[in-house]
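Structure, as structure tokens:
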Amino acid sequence: MTDVNISDFQMDFFSLNGKTAIVTGGNTGLGQAFSLALAQAGANVFAVSIMADDGETGALIDAAGAKYAYLMSDITVEGNPRKIVEACIEEFGGVDILVNCAGRSINEPDVTKYTRQQWDPMVALNLTAAFEMSHESAKYMIPQRSGKIINICSVFTFLGGQWSPAYAATKHGIAGFTKAYCDELAQFGIQVNGIAPGYYATELTSDTRADPQANQRVLDHIPANRWGQSQDLMGAAVFLASRASDYVNGHILSVDGGYLVR
């Protein structure tokens, strides 16, 4: 017998009521899914992106009964991460959750033609900006002795990443950063974890899905035999942002339909 009482665990462990989340890239693609998931769990959402906001994300979050704010900003510009965090705090009074979702991939079939002009922007966005956003957010999380940082990794955190060495390198790097920051911030009650999506049906993968042979190659590698949908990531985001994951730290959670086992 254990000393655990089932009444010690409540479903409100997953509630984000009263919390505020910053989501980079939070108004499009998978970032939008993270924003909606956190809002539906009760969090205020402060989305930041270089993409213009069309109002859709805000309307959906309003319908969920949460609050939404948007800031158009390039997080790779020095000083902007600090301004973003300060703007969120001015809008909502604090920051409890950070989701580093903004990212990009630049492909080149001929590895000998892959240049610094392709490499540097990906390192700046996928890795350096995530560090700076985390650094600025942690300054406010440490005094309150709580916080959640969720870094969006990839199945290519664990694989080579054909045609895009920079993408694979940055996604390996963000996993290392996740573990390093976990080690630094756990003492302050802050959890730092990652989510590694597999192949998802988004605008960025539309060309692959439209090509029958390419589409089949992807499906042949996924035991679930389907592309991921945005809602497949929502539960993972809420879990890692909530009290339910308070003893989960430095972990990379793959949400890939089993892609990595095949």
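Nothing in this text is a laboratory measurement; each read-out follows from the coordinates by a stated rule. A quick note: this is a predicted structure, and the numbers were derived from the prediction, not measured. Neighbour counts run over all protein chains shown; Cβ positions are idealised from the backbone, glycine included.
Can you quote the Å³ per residue value for the convex hull of the Cα atoms in the chain, rounded to an integer?
Normalising the Cα hull of the chain by residue number yields 146 Å³.
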message: Check which residues have an amide H placed less than 5 Å from V255's amide H, if you skip close sequence neighbours.
response: A196, G198
- prompt: What FRET efficiency comes out for the pair L60/E86, r = Cβ-Cβ distance, R0 = 22 Å, nearest 0.05?
  reply: 0.25
statement: Between the residues Y167, Q32, S105, the Cα farthest towards the positive end of the dipole of region 16-261, that dipole coming from +1 and -1 charges on the beta-carbon of Lys, Arg, Asp and Glu, is from Y167
statement: Any lysines whose Cα falls less than 21 Å from that of K148, other than same-chain ones fewer than 8 residues away, would be K19, K67, K83, K139, K171, K179
- request: Quick one: what are the phi-derived ³J(HN,Hα) couplings along region 234-250, Karplus 6.51/-1.76/1.60 with θ = phi - 60°, whole Hz, x for glycine and proline?
  value: 5, x, 4, 5, 5, 4, 6, 8, 10, 4, 4, 10, 4, 10, 9, 8, x
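Add +1 for every Lys or Arg and -1 for every Asp or Glu among the other residues with Cβ under 15 Å from the Cβ of V95, and state the total.
Working: positive: K19, K67, R82, K83, K139, R145, K148; negative: E86, E90, E91, D96, E132, E136.
Net charge in that neighbourhood comes out at +1.
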task: Quick one: grab Rg to one decimal and Dmax as a whole number for region 47-184, Cα atoms only, in Å.
output: 16.4, 51
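Per DSSP H run of at least 4 residues, take -39500 (n - 2.57); add these up for the chain, divide by its residues and hand me the 222 nm value, nearest 500 deg cm²/dmol.
My calculation for the chain gives -11500 deg cm²/dmol from helical runs alone.
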message: Between N225 and M72, what is the label-point separation in nm under the 7 Å Cα-to-beta-carbon projection?
response: 4.5 nm
- prompt: Anyone know which of V23, V218, V192 comes out most mobile in the 10 Å Cα GNM of the chain?
  reply: V218
field: Helix 129-144 vs. the chain, principal-axis angle (Cα, 0 to 90°, nearest 10)
entry: 10 degrees
- request: Run the quick spin-label model on A210 and H251: label points 7 Å from Cα toward the beta carbon, then report their separation in nm to one decimal.
  value: 3.9 nm
- prompt: Dipole magnitude of the chain about its Cα centre, charges +1 at Lys/Arg Cβ and -1 at Asp/Glu Cβ only, in debye to the nearest 20?
  reply: 400 debye
- prompt: In a GNM of the chain with a 10 Å cut-off on Cα contacts, which of I106, I149, I75 has the highest mean-square fluctuation?
  reply: I106
- line: Expressed in angstrom and rounded, the centroid-to-centroid distance over alpha carbons for region 147-188 and region 189-218 is 16 Å
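What does the charge count around N193 come to, taking other residues whose C-beta lies under 10 Å from its C-beta (Lys +1, Arg +1, Asp -1, Glu -1)?
Numbers: positive: K148, K179; negative: none.
Summing Lys/Arg as +1 and Asp/Glu as -1 gives +2.
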message: Which residue fluctuates most in the GNM of the chain (Cα springs below 10 Å): N100, N215, N126?
response: N215
